[in-house]
1. Compute the length gained on full extension between A112 and R180: take 0.36 nm times their separation in residues and subtract their Cα-Cα distance, giving the result in nm to one decimal.
2. Determine, from the Cβ-Cβ distance of D78 and H57 and an R0 of 25 Å, the FRET efficiency 1/(1 + (r/R0)^6), rounded to the nearest 0.05.
3. Step by step: find N for the chain, compute 2.2 N^0.38 Å, then divide the Cα radius of gyration by it. What's the final number?
4. How much mean residue ellipticity at 222 nm does the chain get from its helices, if each DSSP H run of length 4 or more adds -39500 (n - 2.57) and you divide by all residues, to the nearest 500 deg cm²/dmol?
5. What nm value, rounded to one decimal, do you get for the distance between V194 and L119 when each label is placed 7 Å out toward the C-beta?
6. Going 7 Å from the Cα of V19 along its beta-carbon direction, which residues of the stretch 166-196 have the amide nitrogen within less than 19 Å of the resulting point?
7. Set the Förster radius R0 to 22 Å, insert the Cβ-Cβ distance between T102 and V133 as r into 1/(1 + (r/R0)^6), and round the FRET efficiency to 0.05.
8. Explain nothing, just compute: Karplus ³J(HN,Hα) = 6.51 cos²θ - 1.76 cosθ + 1.60, θ = phi - 60°, for every residue of the stretch 155-160 in order, whole Hz, x for Gly and Pro.
Amino acid sequence: MSTPGRLFLVRHGETDWNVAGRLQGRRDVPLNSLGRAQAARVGRVLGQLAGDVTQLHYVSSPLSRALETMRILRTALDLPGADFTHDPQLAELSFGQWEGLTWPEIRRRDAAAVKTRELDPWSFTPPDGESYVSLSHRAGSAIDRVKGDAVVVTHGGVIRALLHAKAGMPSAQAALVPVRQGAVYVLRGGQFEVAD
């Protein structure tokens, strides 16, 4: 099913946990200085891509790294920083007990589960966490409520889920596709392109 209008999907800017390779999931980790610069740059890119930015809807994940990214990019667009909505269904994939750990740490602690995940990363559920299958339904429902053209600031896992749910990317590919910070993923009519 394609989404009407254009969706400008933005991954939040960099955090110190991104730099360290720690799984953030639902942990509320703030942007670092590069992340704030990335958010401002994305605002300028959106201004070039979107046309009249006052006509767009703006919705964010409720996690602080996404909220701050949205405030900064709106300020870069000369829009009021706080004038947007947030949707809890756009929060990042829950990694459960793995949150806060790096992949080397997880492999040492839970090698069998990591091997299971490698066989089918889309359907795998981390201990006390969430699968991409569940995330795809959750995030897809949030996007279905968005009317018209919209800027959505969210997370790498959510963008992967939406590339599958709304642009038809095969799940095996979507689970592993790198999602860059500082880029805009434009979805329209079941297709997507990356602008940066």
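1. So the chain would gain 21.6 nm between A112 and R180.
2. The computed FRET efficiency comes out at 0.90.
3. With N residues counted in the chain, Rg over 2.2 N^0.38 Å equals 0.99.
4. Rounded to the nearest 500, the figure is -12000 deg cm²/dmol.
5. Simple spin-label model gives 3.0 nm for this pair.
6. Answer for the stretch 166-196: 180-183.
7. 0.35
8. 9, x, x, 5, 5, 4
A short reminder: the numbers here are calculations on the coordinates, not readings from a lab. This is a predicted model, so every value here is computed, not measured. Backbone-built Cβ (ideal geometry, glycine too); neighbour counts: all protein chains shown.
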